[in-house]
Amino acid sequence: MSSNAQNGTVRTELGRRYHFSASHRLHNLALSEEQNCRIYGKCNNPFGHGHNYVVEVLVSGKIDPATGMIANLADLDRFVEREILDPFDHKSLNEDVAAFEAVVPTTENLCIEIFRRLKTFPNAKLERVRVQETSNNSFEYAGDNPQGFER
Amino acid sequence: MVLLTRKIEFAASHLYHNPDFSAEENRRVFGKCNNPHGHGHNYTLEVTVAGVPDPVTGMVLDLKDLKEILEREVMQRMDHRFLNYEVPELAGQIPTCENIARVIWQLLDPQIKQGKLHRVRLYETPDLFADCYRNGSAGADAR
């Protein structure tokens with residue numbers, strides 16, 4: 001197949017969105033009850049609450065002329081399913097995810113944890129992760145990639 | 001520098017098939033997208049142009065001009081077309097979201113004379129998209 005798409009003037013990224021639902025509670029054991037309540041407000045409710053999270057994953061790499069793809073979606077989907085959706089969907093982030101035993105599961109921290117888990121994807125380079133907590137709140141993390149936010 | 005984005009939608013069909021692969025390999029690599037009769041999507045295209053607003057008009061570029069460019073270069077070429085067979089720019093390429101986005105970048109870039117093409121984002125579905133940027137442009141000079 002033609003390799004026209006390989007010309008070096010354009011840089012291409014593939015973006016894929018995934019959805020999961022989970023509960024969390026924002027509470028820092030190092031703070032007093034009063035401080036937790038003041039800082040986290042409703043999110044400090046001891047029984048927790050939940051969100052429908054949307055995770056946007058952006059990867060870059062050469063477009064393979066034989067397939068027209070940066071990465072085969074089936075491979076990316078399987079990887080995200082194993083690393084993110086299986087462990088997070090319909091779970092309590094505080095109780096079911098070891099990374100949040102001692103780390104407050106804000107969406108900032110969730111974004112960093114998702115990036116950490118996905119950066120080992122072997123078929124393309126992870127550029128950044130955007131996590132939407134509600135339709136009004138979203139967070140992005142690009143690791144130590146200095147250009148990650150410049151796009 | 002200001003970024004201006006215009007969105008358009010078009011509907012088109014495509015299929016993924018590499019004649020160099022065996023039938024079995026085509027099915028394995030491309031899955032459902034290898035159906036020989038093709039299938040279609042409602043594509044959403046977001047085109048972002050970067051520039052300094054003209055002090056007289058207050059515009060990065062006239063949206064009417066951008067609309068005309070998108071109508072001519074993208075809509076007339078791709079809307080209600082079978083991308084594999086009817087878009088010469090895609091001939092010999094698998095019409096994935098990545099490749100279509102790159103072709104659109106290459107079509108639009110020389111046409112945009114006011115401001116500079118900054119990003120082309122093409123959604124194949126709400127959960128799948130490809131972004132194109134000028135190579136090496138990311139960084140201070142792009143914003």
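The values are calculated or read from the model by the stated rules, or taken from the named source; none is laboratory data. Keep in mind that what you see is a predicted model, and the values were worked out from it rather than measured. Because the Cβ atoms are built from the backbone with ideal geometry, glycine has one as well, and the counts that use them run over all protein chains shown. These area figures cover heavy atoms from the full protein model, side chains too; ligands, DNA and RNA do not enter into them. Shrake-Rupley method; radii C 1.70, N 1.55, O 1.52, S 1.80 Å.
Tabulated data
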read-out	value
Pairs where the first residue, in segment A:7-22, is farther than 17 Å from residue B:128 by Cα and open to solvent by less than 20 Å² (accessible area, probe 1.4 Å) and the second is acidic (Asp, Glu) and at pLDDT 95 or above, C-beta under 8 Å, 6+ apart	A:22/A:89
Qualifying positions in segment B:113-135 - surrounded by fewer than 14 Cβ atoms within 10 Å (Cβ to Cβ), more than 20 Å from residue B:44 (Cβ to Cβ) and facing chain A (nearest Cβ under 8 Å)	B:135
Flag if residue A:66 is closer than 30 Å to residue B:121 by Cα and at pLDDT 95 or above	yes
Residue in segment B:31-43 that is under 20 Å from residue B:131 (Cβ atoms) and out of contact with any Ser or Thr (no Cβ under 8 Å at 6 or more places or on another chain) present	yes
Residue satisfying all of: in segment B:99-112; of a type outside the set (A, V, I, L, M, F, W, C) and open to solvent by 10 Å² or more (accessible area, probe 1.4 Å); farthest from the other protein chains (Cβ to nearest Cβ) among these	B:111
Segment B:78-94: number of residues that are under 22 Å from residue B:133 (Cβ atoms) and more than 7 Å from chain A (Cβ to nearest Cβ)	3
Pairs with Cβ under 7 Å, 6+ apart, first in segment A:96-110 and free of Cβ contacts under 8 Å to residues at least 12 places away in the same chain, second assigned to a helix (DSSP H, G or I) and open to solvent by less than 70 Å² (accessible area, probe 1.4 Å)	A:103/A:109
Out of A:85, A:110, A:29, sole residue that is out of contact with any Lys or Arg (no Cβ under 7 Å at 6 or more places or on another chain), assigned to a helix (DSSP H, G or I) and open to solvent by 10 Å² or more (accessible area, probe 1.4 Å)	A:85
